[in-house]
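Read the structure below first, then the notes.
The values are calculated or read from the model by the stated rules, or taken from the named source; none is laboratory data. Bear in mind the structure is a predicted one, so any value in this text is a computation, not a measurement. Don't worry about glycine lacking a Cβ; one is built from the backbone with ideal geometry, like all the others, and counts go over all protein chains shown. These area figures cover heavy atoms from the full protein model, side chains too; ligands, DNA and RNA do not enter into them. Shrake-Rupley method; radii C 1.70, N 1.55, O 1.52, S 1.80 Å.
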Amino acid sequence: MALSRHINPDRLIRESKEKKSNHHHLIGTDSDSTCHPYGARYGTASIPKFHLPSKGANAQTTYQLIHDELSLDGSPCLNLASFVHTWMPEPADKLMMENMSKNLIDQDEYPMTQQIHTRCVSILADLWHAPSTHQAVGTATTGSSEAIQLGGLAMKRLWQERRKAEGKSIHEPGPNIVMGANAQVALEKFARYFEVECRLVPISVESKYRLDPKKAMQYVDENTIGVYVILGSTYTGHYEPVKEMSDLLDEYEQKTGISVPIHVDGASGAFIAPFAHPKLLWDFKLPRVVSINTSGHKFGLAYVGVGWVVWRSKEYLPKDLIFELHYLGSVEYSFSLNFSRPAAPVIAQYFNFVHLGFEGYRAVAKDDLKNARLLSRALERSGWYTVLSDIHRPKAGGILQKSAQTISFDEENPENYEEGLPVVSFRFSDSFQESYPEIQQKWIQILLRTKGWIVPNYELAPDLEKVEILRVVIRENVTESLVDRLLEDIIEITQDLIKLESPTNALNLLGSHSDKHRNNPGKMDEGSASTSSGTYSKQC
């Protein structure tokens, strides 16, 4: 007879609670309530989990309750799966708290906040070499996802206007957009939500796990509204070749007369490339690049909640996408998917611009890349891991630093290495897999989690979905000492797995439990969403 059965923990709690002698079914507590940890001290009753309590608790008690529950979350500092920035200096925290109640959309009420917003747009337009920074067109968003939607919408509307002017249908066969299969899920969301055919270009080892411009041209036709080119792949951190894609589209226009624009998804790279790789051609210096987005809350070094999208000029943002508003006290203009939004993250972004300046951002980017190179080299020297990202690999003919006595390679100059984000993507080496085929790479993720580290293990995009990688994002707070500790833990875990006495059966159970049986309150039922098309749809 099978011993296994489904056990409901809520039912166990409900049945195990002590009953008061005067218990009444109308006022009693159940497993759908949570008890305050200091309930005896403050005389606080259980609080319902899933409906509004009939009587509230005082502010301090409520704070303590929620504070203690949130202590079960992981540490943002050790979340190496995320690109999102997790620290700002104390004056920035104070500035955000002072402006927490401001609504960015209310331009008449908060004119100086709007001035700061406009300055941020102009600063980014200048950083990305827009033709005119004083008349730059752009807006803050809640993040790169919204910014990508706006950039895609503008390209779709321009395509529709051109088709109508030519007397052609905008419905048959309809618009399409081209991107690499390594695209972050936000890019595919645009296509699905706004009814644009999504044409995913398969990746390969030869294309460095990113968009192959030559293959991409096989997907381009007169109904292509644009090409999404990613400056910093979520999977491996590789920059996609914007210049090569632009050149091929130039040739295509010369042959066909069809102009296909480029939107650069610079969610992370648009705040790295200008400082670490200033000679790289990827931005508005290329006339075919019509819009660029970025996340201020990633390598823009602000707290979560701010993204940006900038167009090279007004002609690339159709007027009918901009709404004119009259009911907030003055004539105001809006182009966003949201309406109300907090002003504090925008102010935090401006704080960084003033506080850090160009040299400050460059210093942070260089340090991030240095620590990423350190981890990459150490992992490869172990012999157990192969690193897929290339930022630690010197370019052919790297710049030499000359002195009176010697000529040496300048190891600290990021321009001497392959361009990319401070991301380390790695997997078991071929020799390791041959020697220890029973060891599963996902065990590394699981065992690192027991030490507090969050390092994802996941499959690459089509056509390399059979290859699993581990990925570490090196943010500003991931210092050299943390890299040292992380490497020690990775090596220790790998050594333990190699030992014959390693409990591999227990690890299998641990992996199965983590994947299938852990209670996840945010998880939808299986089959609730469409099947994966291959684009990266995990945390970013």
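Side notes on the structure shown:
- Calculated log₁₀ intensity ratio I(q)/I(0) where the Debye formula runs over C-alpha points of region 419-507, q = 0.15, 0.22 Å⁻¹: -0.63, -1.25
- For region 117-179, the Kirkwood radius over C-alpha pairs fed into Stokes-Einstein at 10 °C and 1.306 mPa s yields D = 115 µm² per second.
- Between the alpha-carbon centres of region 350-368 and region 156-203 there is a gap of 36 Å.
- Intensity falloff of region 192-265 expressed as log10 I(q)/I(0), Debye formula with alpha-carbon point scatterers, at q = 0.11, 0.19, 0.28 Å⁻¹: -0.27, -0.80, -1.44
- Ordering 148-157, 60-69 by mean Cβ neighbour count within 10 Å, with the highest value first, yields 148-157, 60-69.
- Directionally averaged projected area (convex hull, Cα atoms, region 256-318), nm²: 5.3
- At 0.692 mPa s and 37 °C, Stokes diffusion of region 93-353 via Kirkwood alpha-carbon radius, µm² per second: 175
- Each of the peptides 125-133, 386-394 was scored by the mean count of other Cβ atoms within 10 Å over its residues; in descending order, highest first, they stand as 386-394, 125-133.
- For the set Lys55/Lys189; Lys243/Lys298; Lys214/Lys442, the pairs lying more than 32 angstrom apart at their alpha carbons are Lys55/Lys189; Lys214/Lys442.
- Note on Glu315 and Asn413: with the Förster distance fixed at 41 Å, the Cβ-Cβ geometry gives a FRET efficiency of about 0.60.
- Protein accessible area in region 93-353, 1.4 Å probe - carbon and sulfur %: 52
- In order through region 484-498: 3J(HN,Hα) via Karplus (6.51 cos²θ - 1.76 cosθ + 1.60), integer Hz, x for Gly, Pro: 4, 5, 4, 4, 4, 5, 4, 5, 4, 5, 5, 4, 5, 5, 6
- Taking region 93-353 and dividing mean pair separation by its residue count, relative contact order in percent (alpha carbons under 8 Å, at least six apart): 29
- Using the Cβ-Cβ distance between Ser54 and Asp10 with R0 set to 25 Å, the FRET efficiency from 1/(1 + (r/R0)^6) comes to roughly 0.75.
- At an R0 of 25 angstrom, the distance between the Cβ atoms of Ile322 and Glu166 translates into a FRET efficiency of 0.55.
- Approximating the spin labels as points 7 Å out from Cα along Cα→Cβ, the Gln254-to-Lys466 distance works out to 4.1 nm.
- Spatially proximal lysines relative to Lys94 (Cα-Cα < 17 Å; intrachain offsets below 8 disregarded): Lys102
- Of all DSSP-defined beta bridges confined to region 93-353, some 50% are antiparallel rather than parallel.
- Extension gain, Arg381 to Thr62, is 109.7 nm, computed as 0.36 nm per intervening residue step minus the present C-alpha separation.
- Among Leu321, Leu70, Leu487, the order of accessible area from largest down is Leu70, Leu487, Leu321, computed with a 1.4 Å probe on protein heavy atoms.
- For region 93-353, the per residue solvent-accessible surface stands at 40 Å², with DNA, RNA and ligands left out and a 1.4 Å probe.
- Peptides 264-271, 346-353 ranked from most to least packed by the mean count of surrounding Cβ atoms within 10 Å: 264-271, 346-353.
- Net length available on complete extension from Asp73 to Asp126 is 15.1 nm, with 0.36 nm assigned per residue and the Cα-Cα distance removed.
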